[in-house]
Amino acid sequence: MKRDVRPSRMHPATRVLGAVLVMGIGMGAGPVLARVQITDTPAGTYAQTCADASVREGRLYATCRTMTGQRRWTSIELAPCTGSDIGNDDGLLVCHGLRGRFEAPPPYVPPAPYRPPPVLDASAPAILGNYTLYSPFYPDPYTIQVYPGGFVSAADLADGCVGYMNREPDLEVTYTAGRAPLYFSVASNDDTTLVINGPDGRWYCDDDGGQYGLNPSLRFVQPQSGVYDIWVGTYEQGRRPRAMIHISETGSQ
């Protein structure tokens, strides 16, 4: 005769922790009770008034609200609760006539102090040092090799500022102005960006304003005399291509 085998229903707590009866094979071997380790939190009415539920070593831990609105740490063994609802009785986990126990609250761990993201620092010494130019200067363009890129984002400086660069300026130019405009542009096979902190303390940025490819250019029509702090970045974080910065009074590269 063919027998129908139907799956039996299992309470969520049983899913989490069960007791498996393993019969001995040898002579005189008795039944052995083997525990199955649980990881899932079981369902139950306790979830309506308890929070921070977790399961560790066969016990359900939670913070449960008391009748006066306070929160108590409590736990209960899950194996005896198989097949019955787990509830909250005035801040204590209970099930099937079994009462859990109150637990000491975990030690307070203060949150990590807030550390603002690094920003470009115009007061830091320039990586490649200071260059002094007097208008008119020669050669024109005056070129300097740089290695763009870094891990500091320029996005929060001002509108149009993009790219990743070093915290310190790549170079610093002390310029004595004449009547000509002043151009800063970058030549590279990579996608580069340009940020300048001018003598007026303002930030000037460009991404693809150069004449060739994905390279930037900034033009000061009536440049001021003073210090220009210059950063050359990359559009993508973590890249370190080669590049040349061109400083000119006749035009962009």
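The values are calculated or read from the model by the stated rules, or taken from the named source; none is laboratory data. Every value quoted in this text rests on a predicted model; they were computed, and no experiment measured them. Glycine also receives a Cβ, built like all others from the backbone with ideal geometry; neighbour counts cover every protein chain displayed. Just so you know, the surface numbers come from the protein's heavy atoms only, side chains and all, with ligands and any DNA or RNA stripped out. Shrake-Rupley method; radii C 1.70, N 1.55, O 1.52, S 1.80 Å.
Tabulated data
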read-out: Residue match in segment 137-151 (condition: aromatic (Phe, Trp, Tyr), over 18 Å from THR192 (Cβ atoms) and in a loop (DSSP other than H, G, I, E, B)); value: yes
read-out: Only listed residue being surrounded by fewer than 18 Cβ atoms within 10 Å (Cβ to Cβ) and farther than 15 Å from PRO106 by Cα, chosen from THR82, THR41, THR68; value: THR68
read-out: Selection from segment 90-116 of residues that are of a type in the set (A, V, I, L, M) and under 24 Å from the mean Cα position of the chain (by Cα); value: VAL109, ALA112
read-out: Answer residue from segment 224-242, given it is of a type outside the set (Phe, Trp, Tyr) and crowded, with 21+ Cβ neighbours inside 10 Å and is farthest from PRO169 (Cα to Cα) among those; value: THR234
read-out: Candidates GLY178, GLY210, GLY198, filtered to the one that is open to solvent by less than 20 Å² (accessible area, probe 1.4 Å) and farther than 26 Å from PRO117 by Cβ; value: GLY210
read-out: Positions within segment 121-136 being in contact (Cβ under 8 Å) with a residue 24 or more places away in the chain, open to solvent by 40 Å² or more (accessible area, probe 1.4 Å) and either part of a loop (DSSP other than H, G, I, E, B) or polar (S, T, N, Q) (or both), in sequence order; value: ASP121, PRO125, ILE127, LEU128, ASN130, THR132, PRO136
read-out: Tally of residues being assigned to a loop (DSSP other than H, G, I, E, B), under 18 Å from ALA51 (Cβ atoms) and open to solvent by 70 Å² or more (accessible area, probe 1.4 Å) across segment 91-106; value: 3
read-out: Output for segment 165-178, where each listed residue is touching a Pro at 6+ places or on another chain (Cβ under 9 Å) and either of a type in the set (Ser, Thr, Tyr) or under 20 Å from GLU249 (Cα atoms) (or both); value: GLU172, TYR175, ALA177, GLY178
